[in-house]
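Here is the structure we will look at, set down as structure tokens.
The values are calculated or read from the model by the stated rules, or taken from the named source; none is laboratory data. Since this is a predicted model, take the numbers as computed values, not measurements. Note: ideal-geometry Cβ built from the backbone for every residue, glycine included; neighbour counts use all protein chains shown. Remember, those area values only see protein heavy atoms, side chains included, never the ligands or the DNA or RNA. Shrake-Rupley method; radii C 1.70, N 1.55, O 1.52, S 1.80 Å.
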Amino acid sequence: MIDQQLSRVMADAVSELERDGEIVVTSPSIEPLADRLAEAALNVVPSTELSFGELVGVRSLILHAISNAQFFDWEMPTLTGFTAAEFERIAGKLPRA
């Protein structure tokens, strides 16, 4: 799935680079190139399609999960790759309501 906002920003950046003489685009359309760049970038950056409310919800879910020892038991770090302390740190990076 292509992140349209990221793809649009990539297309603008490629157009700027071409206009400034930094690169030469030989494709008749920049959009497919921008889509491929955006797809590659999403392997290392979060999607821009998450809304503020969705990020707040994910933060709340994380904090709720780590506060419940029955839910976040000894097996959870094996399943998720993160300890409760690490999830708390991750939650701290997400927006608050």
Notebook entry, point to check: If we scan the range 59-73, do we find a residue that is surrounded by 10 or more Cβ atoms within 10 Å (Cβ to Cβ), closer than 28 Å to Gly92 by Cβ, of a type in the set (Asp, Glu) and within 24 Å of the chain's Cα centre (by Cα)?
Noted result: no
Next item on the list: Determine whether the range 69-81 contains at least one residue that is touching a helix residue (DSSP H, G or I) at 6+ places or on another chain (Cβ under 6 Å) and under 29 Å from Gln5 (Cβ atoms).
Entry: no
Margin query: So Val56 ticks every box in (1) touching a residue at least 12 places away in the same chain (Cβ under 8 Å); (2) β-branched (Val, Ile, Thr); (3) touching a helix residue (DSSP H, G or I) at 6+ places or on another chain (Cβ under 8 Å) but one. Which box is left unticked?
Written below: (3)
Check: Applying the selection to the range 74-96, what residues are closer than 19 Å to Pro46 by Cβ and open to solvent by 50 Å² or more (accessible area, probe 1.4 Å)?
Finding: Thr80, Gly81, Phe82, Glu86, Glu88, Arg89, Lys93, Arg96
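Being free of Cβ contacts under 8 Å to residues at least 12 places away in the same chain and surrounded by 11 or more Cβ atoms within 10 Å (Cβ to Cβ) is the filter here, so list the residues in the range 24-33 that pass it.
Within the range 24-33, Val25, Pro32 qualify.
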